[in-house]
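A.B. asks: I'd like to ask some things about the structure below.
Readers should treat all values here as calculations from the given coordinates under stated rules, not as data from a laboratory. In this text, all values refer to a predicted model and were calculated from it rather than measured experimentally. With ideal geometry, Cβ positions are generated from the backbone for all residues, glycine too; neighbour counts draw on all protein chains shown.
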Amino acid sequence: MCSREKGMLIRNATLADLKAVASVEAQCFPAAEAATAAEFEDRIRHYGSHFWLMFDGDLLVSFVDGFVTDESDLTDEMYEKADMHNENGKWQMIFGVNTIPSHRRRGLAGKLITRAIHDAREQGRLGLVLTCKERLVPYYAKFGFVNEGITEKSSHGGVTWYQMRLTF
């Protein structure tokens, strides 16, 4: 999958993107919450087609990623075990929504979220699930995600997470 959106290239990830993906993640999340380059290598190997990358020229400016599973709730174990990905799963999980600071507030992440929603629908999934901090609940609600409250299944990075679900 490769397309252009207002001069920005959108495509899926390959191992050649590993360094750029890890760099963007490090700019977007505190160390306790950020995935490592080794974790991203494992993720890209298992589900690179479930990474949506946006480039401004050669610069990776935003990405969304997450695997597919039959599990209906997002758990901490999922972040660590890319081999839990099931290409035929019912739910598209979203593990990260990242935009580098210099490119924020331009709607880039929103375009990638919209693309992930479109692709999940086209693939016949039941919907998408993500977790977020309380301040981001209204943002994801704009895309149709429904707040299911504080999740007991994730305390990733020692943070309180709200699970949100978009069901088709």
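A.B. asks: So Arg135 clears everything in (1) more than 18 Å from Trp52 (Cα to Cα); (2) among the basic types (Lys, Arg); (3) within 15 Å of the chain's Cα centre (by Cα) except one condition, right? Which one?
C.D. replies: Exception for Arg135: condition (3).
A.B. asks: Which one of Glu87, Glu148, Glu122 is closer than 19 Å to Ile10 by Cβ and loosely packed, with under 15 Cβ neighbours inside 10 Å?
C.D. replies: Glu122
A.B. asks: Then there's this: Among the candidates Arg115, Arg121, Arg105, which residue alone is more than 22 Å from Thr160 (Cβ to Cβ), part of a loop (DSSP other than H, G, I, E, B) and not acidic (Asp, Glu)?
C.D. replies: Result of the check over Arg115, Arg121, Arg105: Arg105.
A.B. asks: Now, a different point. Of the conditions (1) surrounded by fewer than 22 Cβ atoms within 10 Å (Cβ to Cβ); (2) in contact with a helix residue (DSSP H, G or I) (Cβ under 7 Å, 6 or more places away or on another chain); (3) over 19 Å from Ser23 (Cβ atoms), Lys111 clears all except one; give me its number.
C.D. replies: Status for Lys111: all satisfied but (2).
A.B. asks: I've got another one for you. Within segment 86-97, is there a residue that is over 12 Å from the mean Cα position of the chain (by Cα) and either farther than 23 Å from Asp42 by Cα or hydroxyl-bearing (Ser, Thr, Tyr) (or both)? Walk me through how you get there before you give the answer.
C.D. replies: Going residue by residue through segment 86-97, those that are over 12 Å from the mean Cα position of the chain (by Cα) are 86-91.
Applying the additional criterion that residues be either farther than 23 Å from Asp42 by Cα or hydroxyl-bearing (Ser, Thr, Tyr) (or both) yields none.
Within segment 86-97 (the criterion being over 12 Å from the mean Cα position of the chain (by Cα) and either farther than 23 Å from Asp42 by Cα or hydroxyl-bearing (Ser, Thr, Tyr) (or both)), the answer is no, since none of the residues qualifies.
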